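The values are calculated or read from the model by the stated rules, or taken from the named source; none is laboratory data. As the structure is a prediction and not an experimental result, all values here were calculated from the model. Please note: Cβ atoms are built from the backbone with ideal geometry, for glycine as well, and neighbour counts cover all protein chains shown. The area values use the complete protein model at the heavy-atom level, side chains included, leaving out ligands, DNA and RNA. Shrake-Rupley method; radii C 1.70, N 1.55, O 1.52, S 1.80 Å.
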There are 2 protein chains.
Amino acid sequence: MARLPLYLRALSALSERGVPTVSSEELAAAAGVNSAKLRKDLSYLGSYGTRGVGYDVEYLVYQISRELGLTQDWPVAIIGIGNLGHALANYGGFASRGFRVAALLDADRAVAGQRIAGMVVRHMDDLEQIVRDDRVSIGVITTPAPAAQGVCDRLVAAGITSILNFAPTVLAVPEGVDVRKVDLSIELQILAFHEQRKSATDAGPTLPPTAPPPAGTAARGDRGGDLPEVMPA
Amino acid sequence: MARLPLYLRALSALSERGVPTVSSEELAAAAGVNSAKLRKDLSYLGSYGTRGVGYDVEYLVYQISRELGLTQDWPVAIIGIGNLGHALANYGGFASRGFRVAALLDADRAVAGQRIAGMVVRHMDDLEQIVRDDRVSIGVITTPAPAAQGVCDRLVAAGITSILNFAPTVLAVPEGVDVRKVDLSIELQILAFHEQRKSATDAGPTLPPTAPPPAGTAARGDRGGDLPEVMPA
DNA sequence: GCGTGTGAATTAATTCACAGCC
DNA sequence: GGCTGTGAATTAATTCACACGC
């Protein structure tokens with residue numbers, strides 16, 4: 001279930017504050033969900049709570065960590081060292097959670113060889129070897145959009161089955177390969193949509209009275225926009 | 001509906017290639033969804049397709065853009081100019097979609113004053129004034145986790161009702177304020193979960209036979225991890 | 001004939017509400 | 001008395017499948 005990481009974070013915060021035990025109501029509030037939902041989610045892991053008391057914070061942290069596979073190390077490779085790749089390479093939050101940046105790669109020979117976050121950026125040519133030698137299990141794609149599918153194909157061919165994609169493209173992958181995407185502009189567009197709704201409701205009734213214009217009058221499109229690389233820092 | 005931006009991107013790609021018309025089947029494939037779902041989604045916008053033919057690409061681009069509110073400009077402020085804020089400031093994909101980076105802000109006086117992506121970073125003290133003067137409608141929070149809620153509160157007090165949060169925290173906001181979050185480590189944890197499932201299935205039967213250890217034996221926790229700022233580029 | 005638009009059917013997710021246990 | 005765990009009820013999302021228009 002995709003909410004376990006959220007619970008884990010809330011629990012870790014409680015753990016740090018030394019809170020020994022927590023009720024579903026409290027934990028749900030901290031994670032921003034309904035308490036019934038939280039209890040149902042946790043019940044899939046097993047009966048780790050105590051009726052009349054709540055959940056033991058430390059124990060639950062362990063159980064969720066184990067369920068999520070965070071008790072082992074996950075070597076991660078970042079492909080595409082532009083703005084975003086650079087930022088992620090320096091991201092301090094990996095190590096504390098079992099994720100270790102094992103390699104940085106870039107197709108540009110001017111970038112390969114540079115030292116970033118204490119690591120030397122490798123060239124794409126070495127991808128297959130790096131994946132094999134360092135047992136990389138998760139690939140993070142931070143290339144421009146047009147390069148993403150090609151990189152993805154190579155990652156899959158090299159045996160990687162989990163990909164985190166920051167490029168604004170829908171990646172095609174074979175069965176058995178998991179892809180998650182993080183897409184800035186989609187998030188902004190969703191916010192814009194709601195924002196527009198709010199101001200529309202303030203002013204007029206239901207929908208803005210914009211009459212459909214003659215076909216062929218395209219407004220600003222969404223070109224897909226090629227990620228950070230566009231203007232390297 | 002949260003899938004409209006996805007359709008818009010696929011349509012824009014088609015538009016660039018000069019494709020005049022597209023069927024629900026084709027567009028659905030390009031966006032990575034089921035064709036019935038796509039038709040149902042689009043039908044909420046109105047009847048913009050032609051039976052037996054499909055959808056006019058340009059016209060549909062316009063309609064979705066309008067629905068998403070992309071026919072107007074959305075000034076965005078980025079708060080917290082660490083690694084990630086820096087990367088986003090340089091992100092070229094904003095402008096082409098109606099999103100304009102109107103201001104960069106940071107609480108550190110050493111950072112304020114710096115020029116980044118052609119803009120001078122302003123100090124947090126000026127937040128309220130900037131929001132007012134530049135009519136900022138969307139705030140992007142890229143501060144460390146502990147600072148996020150405070151920044152959020154100030155944004156809300158300044159009148160902002162749409163927030164994109166990159167800090168690993170659940171933000172508390174009043175009714176009417178929209179928050180979307182982008183969370184690196186949650187995505188990675190979800191991937192790790194699936195990855196673990198795969199290798200577990202390869203080896204044993206259903207679940208790994210790890211017996212519940214004595215309570216109090218916490219594994220690696222999730223500290224929340226404070227975002228990019230941790231190690232500035 | 002082809003492909004949209006949509007009611008109906010199915011499936012999944014969420015919430016309610018309460019029995020059972022501490 | 002308080003709080004978990006969970007069947008039942010509700011609500012939402014997805015998919016099916018086909019009538020209708022081009």
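For chain A, state the semi-axes of the equivalent ellipsoid (square roots of 5 times the eigenvalues of the alpha-carbon gyration tensor), sorted largest first and rounded to whole angstrom.
Working from the Cα gyration tensor, I get semi-axes of 35, 32, 16 Å.
What translational diffusion coefficient, to the nearest whole µm²/s, does segment B:1-131 have by Stokes-Einstein, given a Kirkwood radius computed over alpha-carbon pairs, a temperature of 10 °C and 1.306 mPa s viscosity?
Translational D for this selection: 94 µm²/s.
From the label point of A:Ser23, set 7 Å from Cα along Cα→Cβ, how far away are the matching label points in the other copies, in nm, ordered shortest to longest?
5.8
B:Glu128 label points, 7 Å along Cα→Cβ, one per copy: pairwise distances from this copy to the rest in nm, shortest first?
Ordered by increasing distance: 6.2 nm.
Measuring from a point 7 Å past the Cα of A:Ala172 along Cα-to-C-beta, which residues in segment B:1-29 have an amide N at less than 12 Å?
Residues B:29 fall inside that zone.
Would any residue of segment B:57-76 have its amide N under 20 Å from a label point 7 Å out along Cα→Cβ of B:Glu16? List them or say none.
The answer is B:57-66, B:70-71.
In whole angstrom, note down how far apart the Cα centers of segment B:5-28 and segment B:148-202 are.
Going from one Cα centre to the other spans 30 Å.
Hey, any idea what % of segment B:4-68's accessible area is carbon plus sulfur with a 1.4 Å probe?
On the way: 1490 of 3040 Å².
C and S atoms contribute 49 percent here.
How high is the relative contact order of chain A, given as a whole-number percent (alpha carbon pairs under 8 Å, six or more residues apart)?
Dividing the mean separation by the residue count of chain A yields 15 percent.
Given label points at 7 Å from Cα along Cα→Cβ, what nm distances, shortest first, separate B:Gly46 from the same residue in every other copy?
Once sorted, the set of distances for B:Gly46 reads 5.7 nm.
Based on the Kirkwood radius over alpha-carbon pairs, what is the Stokes-Einstein translational diffusion coefficient of segment A:4-68 at 20 °C with 1.002 mPa s viscosity, in µm²/s?
Rounded to a whole number, D works out at 188 µm²/s.
Please identify which residues in segment A:80-111 have an amide N closer than 20 Å to a label point set 7 Å out from the Cα of A:Val120, following the Cα→Cβ vector.
What the label zone holds, given the 20 Å backbone N cut-off, is A:80-82, A:86, A:89-90, A:101-111.
Hey, what did segment A:74-184 get for relative contact order, percent, Cα under 8 Å, at least 6 apart?
This gives 25 percent for segment A:74-184.
Based only on Cα atoms, what Rg/Rh ratio does the protein assembly as shown have, Rh being taken as Kirkwood's radius?
Numbers: Rg = 22.9 Å, Rh = 23.6 Å.
Result for the protein assembly as shown is an Rg/Rh of 0.97.
Could you tell me the total accessible area buried at the A-B interface, probe 1.4 Å, in square angstrom to the nearest hundred? If you can, show how the numbers build up before the last one.
Values: alone 14470 and 14510 Å², together 20590 Å².
The buried area between A and B, both sides summed, comes to about 8400 Å².
Would you mind listing how long segment B:111-163 runs along its three principal axes, going by Cα atoms, in whole Å with the largest first?
So the three principal-axis extents are 27, 27, 17 Å.
Which loop-located trypsin sites (Lys or Arg not before Pro) does segment A:118-162 contain, where loop means any DSSP state but H, G, I, E or B and the Cβ has at most 15 other Cβ atoms within 10 Å? Let's see the in-between values first.
Details: sites: A:Arg122, A:Arg132, A:Arg135, A:Arg154; in loops: A:Arg135.
In loop regions of segment A:118-162 (DSSP not H, G, I, E or B), the sparsely surrounded trypsin sites (Lys or Arg not before Pro) are A:Arg135.
Per DSSP helix of 4 or more residues, -39500 (n - 2.57); summed, then divided by the residues of chain A. What does that give at 222 nm, rounded to the nearest 500?
-11500 deg cm²/dmol
So what is the relative contact order for segment A:94-148, in percent, with contacts set as C-alpha pairs under 8 Å and at least six apart?
It rounds to 25 percent for segment A:94-148.
Can you work out the accessible area per residue across chain A, with the rest of the protein chains kept in place, probe 1.4 Å, in square angstrom?
44 Å²
Please work out the FRET efficiency for the pair B:Arg3 and B:Ala158, using the Cβ-Cβ distance as r and a Förster radius of 22 Å; give the result to the nearest 0.05.
The calculated FRET efficiency here is 0.10.
Rg and Dmax of segment A:133-179, Cα atoms, in Å?
Over segment A:133-179's Cα set, Rg and Dmax evaluate to 9.8, 29 Å.
Could you run the Debye sum over the Cα atoms of segment A:74-184, one equal point scatterer each and no solvent, and tell me log10 of I(q)/I(0) at q = 0.17 Å⁻¹, two decimals?
Treating every Cα as an identical point scatterer, log10 I(q)/I(0) equals -0.73.
Quickly work out the A:Ser199-to-B:Arg39 label distance, labels modelled 7 Å from Cα along the C-beta direction, and quote it in nm with one decimal.
Result for the modelled spin labels: 3.6 nm.
Between chains B and A there is a rotation axis; tell me the chain B residue with the nearest beta carbon and how many whole Å away it sits.
B:Ala87, 2
Given a 1.4 angstrom probe, I'd like the percentage of the accessible area of segment A:74-184 that is carbon and sulfur, rounded to a whole number.
Ligands and nucleic acids excluded, carbon and sulfur give 51 percent.
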